[in-house]
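Take a look at the structure set out below.
Derivation of every value follows stated rules applied to the coordinates shown; laboratory data play no part. Everything quoted here is computed from the prediction, not taken from an experiment. Here Cβ is always computed from backbone atoms with ideal geometry, including for glycine, and neighbour counts include all displayed protein chains.
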Amino acid sequence: MANGKADVTENVQPVRFIEGDQPAKPKPGMALCLSGGGYRAMLFHVGALMRLNQMGLLRTVVRVSSVSGGSIAAAMLGLIQSGKIKILAITSSKRVAIAPDVPTVTEAGFPFLGMDSLIGIYGPRGMSNALRDKIAADVQAVIAADPTIAQRLAATAQIVDIRGPAEFATGIKEMRDQLADIAKVLGIKAAQQAQ
């Protein structure tokens, strides 16, 4: 105990010892755990890392633990911080607020690399159009009434683009068509047909 505060690292032991390892206390500094979830998790983590950087906290990170999409972000963090790579463009159709100087792939001359990721609210099959429109209007009203929501989403590299049910369905169809074209070029066939 130091200065009346418990030292939480005092009795920390590794889960297992590897031959040749020497027991040691953890280094002081911030540790991050970046969870899985594939590319969507990776995009969220990139936004969170950029926010930590804006707050001046990223430089205090001394350890990163990660899985799946978190590992993608962790690897990118290490490569970017070491100066081994530079972000040339982003794949969304609009620039992101946390990296305004990074062009989109379309602006960089590679429009075929662009793809927006859609996040939305889904309901059961057969939901009435009136209820869909009501939910969409409620979401739009809440986001319009509280700009903090959009600001927090933008801080994680998400583009806030509130759409109605018809526009959202069109966006999903466009994404599916784009992915189908990519699969065709690559010779990838579906294991089962979507219903």
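Spacing of the modelled spin labels on residue 176 and residue 149, each 7 Å from Cα toward Cβ, amounts to 2.7 nm. The value given for the stretch 30-81 is a Kirkwood hydrodynamic radius of 10.6 Å, derived from the mean inverse Cα-Cα separation.
Once you put a point 7 Å from the Cα of residue 190 and another 7 Å from the Cα of residue 60, both along the Cβ direction, what distance in nm separates them? Label at residue 190, label at residue 60, 5.0 nm between them.
Sorting the segments 33-40, 172-179 by their residues' average number of neighbouring beta-carbon atoms within 10 angstrom, most packed first, yields 33-40, 172-179.
Applying the criteria of a DSSP loop state and at most 10 other Cβ atoms within 10 Å to the trypsin sites (Lys or Arg not before Pro) of the stretch 83-158 yields 84, 86, 125. Once you have a ≥ b ≥ c as the square roots of the Cα gyration tensor eigenvalues for the stretch 37-195, tell me rounded if a/c is under 1.5, and otherwise prolate or oblate according to whether a/b is larger than b/c. Here the stretch 37-195 falls in the oblate category.
Taking a Cβ cut-off of under 14 Å around residue 113, the surrounding Lys, Arg, Asp and Glu residues balance to a net charge of -3, with basic ones at +1 and acidic ones at -1. Summary of packing: across the peptides 49-59, 114-124, the per-residue average of other C-beta atoms within 10 Å ranks them, highest first, as 49-59, 114-124. Across all directions, the average projected area of the convex hull around the alpha carbons of the stretch 87-154 is 6.3 nm².
Taking the charge dipole of the stretch 117-186 about its Cα centre, with +1 at Lys and Arg Cβ atoms and -1 at Asp and Glu Cβ atoms, the residue from 124, 142, 175 reaching farthest to the positive side is 124.
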